[in-house]
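Q: There's a structure below that I have some questions on.
Laboratory data are not the source of any read-out in this text; all were calculated from the coordinates shown. Just so we're clear, the structure is a prediction, and the values are computed from it rather than from any experiment. Here Cβ is always computed from backbone atoms with ideal geometry, including for glycine, and neighbour counts include all displayed protein chains.
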Amino acid sequence: MGVETGLSPRFGEFGGRYIPETLAGAHEELEQAYNEARQDPAFHAELAELQRQYVGRPTPLYLAERLTEQTGGARLWLKREDLAHTGAHKINNALGQALLAKRLGKPRIIAETGAGQHGVATATVCAMMGLECVVYMGSEDIRRQSLNVFRMKMLGATVVPVDSGSKTLKDAINEAMRDWVTNVQTTHYLIGSAIGPHPFPTMVRDFQAVIGREARTQMMEQAGKLPDVAIACVGGGSNAIGLFHPFVDDAEVRLIGVEAAGEGVSTERHSATLVAGRPGVLHGTRTYLLQDSHGQILPTHSISAGLDYPGVGPEHSWLKTTERAEYVSVDDQQALEGFKALTAAEGIIPALEPSHAIYHALDVAREIGPGKDILIGLSGRGDKDMHTVAEALGVTL
Amino acid sequence: MSQRLRETFAQARETGRTLFVPYVTAGYPRREDTVEVLLAMESGGGDILELGMPFTDPQADGATIQHANHVAIQQGVYLEDCLAMVAQAREQGLRAPVLLMGYYNPILAMGEERFVRLAREAGADGFIIVDLPPEEASDFLSACREHDMSFVPLVAPTTADERLAVIAEAADAFLYCVSVTGTTGTRTELPPGLGGFLGRVRKVTGLPLALGFGISTRAHVEQAGEVADAAIVGSAIIAAIDSGDVDGCAERVRAYVAEVSGHEHAGRLRTGRDE
């Protein structure tokens, strides 16, 4: 049924399109528009120009020499998405999808956000392109990320608090979907991660794969070889899939996704979907989920709002089951250690999300030892998290 | 398809009346109310009953039914409980066909074939699964066929003609026509253009059509009857439950269904089906 675009709706058994019927037409239309755009040199040229002039790409690949020395292991390379405009990788996807929305002739953009980084990125590109922007955000996340809420408002977006369910990212996605069902004719849902119904996981992956493509080229230029390991944090998993994708066919590159263990995967307060979950269907896609034995979705926790999600992009589920990538988890305290280590050794304050990846990278660096190279996806900067970190360290600001 | 559904539609076709299809979320307002509410919906004039299976993330539902889902989940009302409620209602004399409505993940967790089999054993007649379009439903459809249960697909005003034809092929009892682009919930008026939408659906199928979303008054039901074979009412039932003491909720549902359906089955539960 539907359009023949040559875009596969599935990653092995994962992915698909489990949606209310009202949205079926919009997904087919989007799939077709994306398929045309990805084959259109003019689309790529416009995107590349904005990536250069507006986002500041390519972002640097930075060799963290002091951190490497202190760790006493493999060399640590940071792919600096924290230096992209708005301070995180989210802008890559927001820009690509906003250009698509323009092609679709949809003047209104809705988005969900957890940590607020995707909301800020979306509000930013909407301001730049003159599109109306409505961002759904869990009221618990609004409390944790008040600075980003203010940024979005200054950028002209309407921020709608979501009080249902756990009041976090998952519920913001539900509410954005409800808006989309209602306003589908005028509205594009600019989903923030490589999750959701087909074609979103593929499309978001493609827009984020610029991270891995650049990093691959930069590793060859700066290290003269591919990395031995690539490591990134995984919530929905867009920065990780963007980093991993151009290395998937390089069998010698180990791919490691780091999930949030919160207060521990043996507790009920974590977000380690691939490590501790099992497959199901949520938010339109078949993927690993944190769910109870009745198939009800479990509440999640992480110190980082951006990883606080009970699902994960379906392509990660596929990379896990095919064993092409490994998935591990790092808890709140360990993430704080990663955060402090990078901040003190390199003068780079990471967001709490990639702090999970940094902590694990230090472990792997010691394990595989000197002479090897580890590529770390530094997905965002930590300004937004200073209140959370201060609170966790018992400091009153 | 289920025998009960076939007979219900055949009778309606003979008498030419609009079937009334009320919905309630299992476990709302309390676990122990559901069987009584189902019986009350029938005695008030409900021809086919929808029992909502609670889910933590009811994406296509508006605030009213979201809240009902939340309350039910808080009480630990899961699929097994929904099936037990149907079985209990049958024991107490419920005659109307029952459709189980919900989301896909709890069904996957139970196992699709197992769920369909147990639903049939409990006395249910079919399924409406909001986030399971026919192209993703091949396993579920096989299970339905194997156990003579009906799969009721949804179609929306945004569904293109070619797609309507494919969806209609997955149906065996009727199609659920979503009246508006939006979530469940009451609205003051039904949207314009319903005739055109249902006309498009009639072109691809001879099956009966039920209209749902936004229907809450007798006038809406009469309006629905002009274009559809059945009218589905959900959020307004929940509202009737909420409009007074918890203990009187079943009687209020009965009275509301009687008023809005226009065909109360007076004394039906005591004397059996009188048609």
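Q: Using Cα pairs closer than 8 Å and at least 6 residues apart in sequence, work out the relative contact order for chain A, in percent.
A: Over chain A, the number comes to 20 percent.
Q: Right, here's the next one. How far is it, in nm, from the label point at residue B:91 to the one at residue A:386 when both lie 7 Å from their Cα along the line to the Cβ?
A: Between residue B:91 and residue A:386, the simple spin-label model gives 6.5 nm.
Q: Say the cut-off is 27 Å between C-alpha atoms; which of A:102/A:384; A:340/A:384; A:102/A:153; A:320/A:372; A:90/A:340 go over it? Mind showing how you got there, number by number?
A: Working: A:102/A:384 30 Å; A:340/A:384 15 Å; A:102/A:153 22 Å; A:320/A:372 24 Å; A:90/A:340 23 Å.
Check vs 27 Å cut-off fails for A:102/A:384.
Q: Separate question: Taking Cα atoms, how many degrees apart are the long axis of helix A:200-222 and the longest axis of chain A, rounded to 10 and kept between 0 and 90?
A: Helix A:200-222 sits roughly 30 degrees off the main axis of chain A.
Q: Restricting to Cα pairs below 8 Å that are 6+ residues apart, what does the relative contact order work out to for the range B:3-261? Please round to a whole percent.
A: 23 percent
Q: Follow-up. Residue B:147 to residue B:247: FRET efficiency via 1/(1 + (r/R0)^6), r the Cβ-Cβ distance, R0 30 Å, to the nearest 0.05?
A: Step by step, r from the Cβ atoms, then E = 0.20.
Q: So what is the calculated 222 nm ellipticity per residue for chain B, using -39500 (n - 2.57) for each DSSP H run with n of 4 or more, over all residues, to the nearest 500 deg cm²/dmol? Write down the numbers at each step before the final one.
A: Values: 13 runs with 132 residues, N = 275.
Helices in chain B give a 222 nm mean residue ellipticity of -14000 deg cm²/dmol.
Q: Another question, then. Please compute the Kirkwood hydrodynamic radius of chain B from all pairs of different C-alpha atoms, in Å with one decimal.
A: Taking the inverse mean of 1/r over all distinct Cα pairs, chain B comes out at 18.3 Å.
Q: Inverting the mean 1/r over all pairs of different Cα atoms, compute the Kirkwood radius of the range A:82-160 and quote it in Å. Working shown, then result.
A: Working: mean 1/r = 0.0820 Å⁻¹.
Radius from the Kirkwood sum: 12.2 Å.
Q: If you don't mind, there's one more thing I want to ask. Using alpha carbon centroids, what distance separates the range A:327-360 and the range A:135-171, in Å?
A: Between the Cα centre of the range A:327-360 and that of the range A:135-171, the gap is 24 Å.
Q: Moving to a separate point now. Just report the Cα centroid separation between the range B:101-145 and the range B:27-59, whole Å.
A: If we compute the Cα centre of each part, the gap is 18 Å.
Q: Using θ = phi - 60° and the Karplus curve 6.51 cos²θ - 1.76 cosθ + 1.60, what whole-Hz ³J(HN,Hα) does each residue of the range B:28-41 get, with Gly and Pro shown as x?
A: 10, x, 10, 3, 6, 8, 4, 4, 5, 5, 4, 5, 5, 5
Q: Under the rule that a partner needs its Cβ under 4.7 Å from the first Cβ, which Cys of the protein assembly as shown have none?
A: A:233, B:82, B:144, B:177, B:249 - these cysteines have no disulfide-compatible partner (Cβ-Cβ under 4.7 Å) in the protein assembly as shown.
Q: Taking 0.36 nm per intervening residue step and subtracting the Cα-Cα distance, what contour gain separates residue A:154 from residue A:395 on full extension?
A: Residue separation times 0.36 nm, minus the Cα-Cα distance, leaves 83.9 nm.
Q: Taking K and R as +1 and D and E as -1, what net charge do the other residues with C-beta under 12 Å from the C-beta of residue B:58 add up to?
A: Net charge in that neighbourhood comes out at -4.
Q: While we're looking at this one, here's another question. For the range A:1-105, just the Cα set please: Rg and Dmax, both in angstrom.
A: 19.0, 57
Q: Hey, got the Cα dimensions of chain A along the principal axes, in Å, largest first?
A: Cα extents, longest axis first: 56, 45, 43 Å.
Q: Now for a different question. What does the helix-only formula give at 222 nm for chain A: each DSSP H stretch with n ≥ 4 adding -39500 (n - 2.57), the total divided by the residues, and the result rounded to the nearest 500 deg cm²/dmol?
A: Calculated from helices alone, the mean residue ellipticity at 222 nm is -13000 deg cm²/dmol.
Q: Now a separate question. Run the numbers on the range B:79-190 and let me know its relative contact order in percent, using alpha-carbon pairs under 8 Å that are six or more apart.
A: Values: 130 pairs, mean separation 24.5, N = 112.
Contact order relative to length: 22 percent.
Q: If you take the Cα atoms of the protein assembly as shown, find Rg, then find the Kirkwood Rh from the mean of 1/r over all pairs, what is Rg/Rh? Intermediate results must be reported in sequence, preceding the final value.
A: Details: Rg = 26.3 Å, Rh = 25.9 Å.
Result for the protein assembly as shown is an Rg/Rh of 1.01.
Q: Under 16 Å from a label point 7 Å along Cα→Cβ of residue B:169: give me every residue in the range A:1-45 with its amide N that close.
A: Only A:1-4 fall inside the zone, counting backbone N under 16 Å.
Q: Under the 0.36 nm per residue contour assumption, what length would be gained going from the current alpha-carbon distance of residue B:139 and residue B:160 to full extension? Don't skip to the end; give the middle numbers.
A: Numbers: separation 21, 0.36 × 21 = 7.56 nm, distance 2.44 nm.
Taking residue B:139 through residue B:160 to full extension adds about 5.1 nm, to one decimal.
Q: How much length is gained if the chain between residue A:340 and residue A:143 is pulled fully straight, taking 0.36 nm per residue apart and subtracting their Cα-Cα distance, in nm to one decimal? Could you put the intermediate results ahead of the total?
A: On the way: separation 197, 0.36 × 197 = 70.92 nm, distance 2.35 nm.
Roughly 68.6 nm would be gained on extension.
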